[in-house]
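To keep things clear, I will list the structure first and then write my remarks on it.
The numbers here are math on the coordinates, done by the rules we state, and not lab data. Nothing here was measured: the structure is a model prediction, and the numbers come from that model. Every residue, glycine among them, receives a Cβ derived from its backbone with ideal geometry; neighbour counts consider all protein chains shown.
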């Protein structure tokens, strides 16, 4: 059995991708979804974040970008940008058997969407084709509101979205490549975007993760290395590993299991420069 070393990236099975992966904890397993090099969608799972199943194709879905994953109402939900730039959602009760992808309303995007479960609703945030930010919600994962614009935010990539401390938290790459944060207590009324760090810049979308009452940020730097922050409030970004580089943004997830050590940890997944998939444990 292989074991991850803290802050050290290790390749998982033979999976390949041209985009950033998605990572989520669901029913005691860690799931990774990716866009394959054939633009089809694949998923793998692990009970310990070290030993992974092979990637299995998910129905007939196709996408030109990375997928989004979230756990909501005892199901695993996946959202993707379709090859027609519309938004599609599929779900699974066991991570193996998936519904067909269903188009939601009239939304359009040029990037990967973001999903979050908040206050009994499923939220999807997207970069519109005008580079503005939009959000929609659903109480059942099937019937969705229309997308509503979020203040004056602009981004050249997909947003990151998470539920934390009674609020929806959104982080985006600004058009100046700085990181910006906005918050909402109801999913409809949002604060203005404020800069996270005065100096740090990124060429990719950021990622958010929640673990044991804390919110964490992961991001790719201009040097293609990966960085993370212990929250959106301390303003300090730390390098994961100087040898870990990626041509895409990271995926980030908290995972808890009594059967492994540490029993609670953060995991970051990336596309390597060889298009392979790599995972690292982050000590917190």
Going by how many other beta carbons lie within 10 Å of each one, how would you line up 192, 112, fewest first?
-> 192, 112
Segment residue 186-residue 13, length gained on full extension (0.36 nm per residue, minus Cα span) | 58.2 nm
Between residue 214 and residue 100, the two model label points (7 Å from Cα along the beta-carbon direction) sit apart by a distance in nm of 4.5 nm
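Please compute the contact order of the stretch 10-282 in relative form: average sequence separation of alpha-carbon pairs under 8 Å and at least six residues apart, divided by the residue count, as a percent. Could you put the intermediate results ahead of the total?
Details: 761 pairs, mean separation 39.3, N = 273.
Reported relative contact order: 14 percent.
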The FRET efficiency for residue 56 and residue 230, from their Cβ-Cβ distance with R0 = 25 Å and rounded to 0.05, is 0.15
What nm distance separates the two modelled labels at residue 258 and residue 27, each placed 7 Å from Cα along Cα→Cβ?
-> 2.0 nm
Option label - percent of Cα pairs over 28 Å apart computed here, alternatives [x] 27; [y] 49; [z] 56 | [x]
Rough spin-label spacing in nm, given labels placed 7 Å along Cα→Cβ, for residue 243 and residue 201 | 3.0 nm
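Among 255, 72, which comes first, then next, by fewest other beta-carbon atoms within 10 Å?
Working: 255 25, 72 20.
Lowest to highest Cβ neighbour count: 72, 255.
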When the scattering of the stretch 135-284 is computed by the Debye formula from its Cα atoms alone, each counted once and equally, what is log10 I(q)/I(0) at q = 0.10, 0.15, 0.17, 0.20 Å⁻¹?
-> -0.36, -0.81, -1.01, -1.29
Gain upon complete extension [residue 83, residue 149; 0.36 nm per residue less C-alpha separation] = 21.5 nm
Fewest-first sequence of 40, 271, 11 by Cβ atoms within 10 Å of each Cβ = 11, 40, 271
Which residue, 265, 209, 73, has the most motion in a Gaussian network model of the chain that connects Cα atoms within less than 10 Å?
-> 73
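Find the relative contact order for the stretch 102-195 and round it to a whole percent, using C-alpha pairs within less than 8 Å whose residues are 6+ positions apart.
On the way: 211 pairs, mean separation 19.8, N = 94.
The normalised contact order for the stretch 102-195 reaches 21 percent.
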When every alpha-carbon pair in the stretch 230-284 is counted, what percent end up more than 18 Å apart?
-> 41 percent
